[in-house]
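First comes the structure, then the notes that go with it.
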Amino acid sequence: GKRQKKQLRKERKRALAIEQGRDLEAERKHIDDLTKLGIGAKRRQEEWERRVVSADSSFRVCIDCAYEHQMTPKEINSLATQIRNCYSVNKKSQYPCYLSVSGLNGETRNHLEKVKGFPYQWFSRAFDCSHEKSLVEMHPDTHRLVYLTSDSDNELDHFDNSKIYVIGGI
């Protein structure tokens with residue numbers, strides 16, 4: 001199965017490293033030393049701060065979770081996965097935008113709370129969420145809201161950086 005394939009790839013990688021004469025124990029110790037010093041975390045934070053500057057002048061995205069009560073458990077699980085993916089892709093993006101989630105409560109929030117660092121570590125990565133506030137309470141400047149829907153006859157040909165694009169969490 002999947003685990004066996006993963007284990008096989010790991011063993012091949014290890015065998016190749018040994019064949020190349022690499023000292024795996026020294027490499028592990030070096031990585032542990034860097035981790036203890038926080039070198040990687042510091043570098044990632046500096047890189048994030050350099051990239052997030054562009055988000056201040058960019059459009060924003062909000063996922064509206066007000067419709068959870070109409071969803072099946074499978075759809076709720078899928079929505080939580082999609083929110084995690086949105087956060088992850090945005091965090092790694094060369095040009096991130098501010099991402100928010102409104103009306104995040106119930107089972108969707110329960111799924112996300114199983115993720116290490118949610119929501120507090122996510123806040124430092126251009127993310128905001130509220131389980132108490134609706135879309136309009138989170139973003140009261142309603143003339144900036146653009147609710148995206150496949151039912152519309154209008155097509156977007158560009159993004160307006162002054163707008164908040166809303167995706168229905170269904």
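Please treat every number below as a calculation from the coordinates, not as lab data. Here the structure is a predicted model, which means the values were calculated and not measured. When we count neighbours, we look across all protein chains shown, and the Cβ atoms used for this are built from the backbone with ideal geometry, even at glycine.
Quick check on packing: order 139-147, 92-100 by the mean number of other C-beta atoms within 10 Å, highest mean leading.
92-100, 139-147
What is the helix-to-structure angle for 24-37, meaning the angle in degrees between its Cα long axis and the longest Cα principal axis of the chain, kept from 0 to 90 and rounded to the nearest 10?
40 degrees
Using θ = phi - 60° and the Karplus form 6.51 cos²θ - 1.76 cosθ + 1.60, what ³J(HN,Hα) does each residue of segment 99-108 get, whole Hz, x for Gly and Pro?
Running phi through 6.51 cos²θ - 1.76 cosθ + 1.60 with θ = phi - 60° gives 10, 10, 10, 9, x, 7, 8, x, 5, 4 Hz.
From the Cα gyration tensor of segment 5-83, with a ≥ b ≥ c the square roots of its eigenvalues, which class applies: rounded if a/c is under 1.5, or else prolate if a/b is larger than b/c, or else oblate?
oblate
Can you tell me what the convex hull of the Cα atoms of the chain projects to on average, as an area in nm²?
With the hull built on Cα positions only, its mean projection is 14.3 nm².
About the Cα centre, and with charges only on the beta carbon of Lys, Arg (+1) and Asp, Glu (-1), how big is the dipole of segment 90-167? Nearest 20 debye, please.
Here the size comes out at about 600 debye.
Testing the spin-label approximation: label points 7 Å from Cα along Cα→Cβ at GLU107 and LEU16. State their distance in nm.
4.2 nm
Which residues' amide hydrogens lie under 5 Å from the amide hydrogen of ILE63, considering only partners 5 or more residues apart or on another chain, with H built in the peptide plane?
It is SER100, VAL101, SER102, ILE167, by chain and number.
Counting other Cβ atoms within 10 Å, keep those with at most 13, restrict to DSSP loop, and tell me which GluC sites (Glu not before Pro) in segment 77-169 are left.
For GluC sites (Glu not before Pro) across segment 77-169 that sit outside H, G, I, E and B with at most 13 neighbouring Cβ atoms in 10 Å, the list reads GLU132, GLU155.
Can you count the Lys pairs in segment 32-170 with C-alpha separation below 30 Å, eight or more apart or on different chains?
Count of close lysine pairs: 24.
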